[in-house]
1. Pick from segment 13-34 the residues that are under 19 Å from residue 57 (Cβ atoms) and open to solvent by 60 Å² or more (accessible area, probe 1.4 Å): which of them is modelled with the lowest pLDDT?
2. Return a yes/no flag: does segment 42-59 have any residue that is modelled with pLDDT under 80, open to solvent by 30 Å² or more (accessible area, probe 1.4 Å) and not aromatic (Phe, Trp, Tyr).
3. Restricting to segment 72-85, count the residues that are in contact with a strand residue (DSSP E or B) (Cβ under 9 Å, 6 or more places away or on another chain) and either open to solvent by 80 Å² or more (accessible area, probe 1.4 Å) or within 17 Å of residue 37 (Cα to Cα) (or both).
4. Keeping to segment 4-14, report how many residues are out of contact with any strand residue (DSSP E or B) (no Cβ under 7 Å at 6 or more places or on another chain) and in contact (Cβ under 8 Å) with a residue 12 or more places away in the chain.
Amino acid sequence: MALIGWLRGERRLQGRVHVVPIPPAENELGAGLELLTVSLGSSGIATVLAGSLATWLQNRRTPTKIRISITRADRTLELETGDAAEAEALIQRFLTDGTDGV
């Protein structure tokens with residue numbers, strides 16, 4: 001998955017990006033998807049992640065959609081988009097909401 005390599009190449013995300021294999025469902029030969037997890041400790045790392053995802057989407061030769069699920073305390077953001085600006089704005093707003101009065 002190209003996104004994994006992209007995020008692992010971000011200096012500030014190194015050591016925070018992990019792949020969790022998803023076992024195949026019944027009657028499937030193998031898993032088609034992988035779960036990518038990123039450990040976020042501070043809002044600065046969240047900013048790096050949001051910007052990196054947006055840049056990755058912008059640099060795709062063919063339109064690509066990503067599905068993002070971010071859990072923070074008791075809230076979860078579910079997002080499926082190929083729009084880099086939308087992804088970055090929604091992730092930023094979700095991750096900073098309640099931490100700086102936005």
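The values are calculated or read from the model by the stated rules, or taken from the named source; none is laboratory data. Note that the coordinates shown come from a computational prediction; the quantities given were computed from them, not determined experimentally. Here Cβ is always computed from backbone atoms with ideal geometry, including for glycine, and neighbour counts include all displayed protein chains. SASA here: full protein model, heavy atoms, side chains in, ligands and nucleic acids out. Shrake-Rupley method; radii C 1.70, N 1.55, O 1.52, S 1.80 Å.
1. This residue is 33.
2. Scanning segment 42-59 turns up at least one residue that is modelled with pLDDT under 80, open to solvent by 30 Å² or more (accessible area, probe 1.4 Å) and not aromatic (Phe, Trp, Tyr).
3. Residues of segment 72-85 that are in contact with a strand residue (DSSP E or B) (Cβ under 9 Å, 6 or more places away or on another chain), as a first pass: 76-82.
Retained after the next criterion (residues that are either open to solvent by 80 Å² or more (accessible area, probe 1.4 Å) or within 17 Å of residue 37 (Cα to Cα) (or both)): 76-80.
The qualifying residues number 5.
4. Residues in segment 4-14 being out of contact with any strand residue (DSSP E or B) (no Cβ under 7 Å at 6 or more places or on another chain) and in contact (Cβ under 8 Å) with a residue 12 or more places away in the chain: 3 in total.
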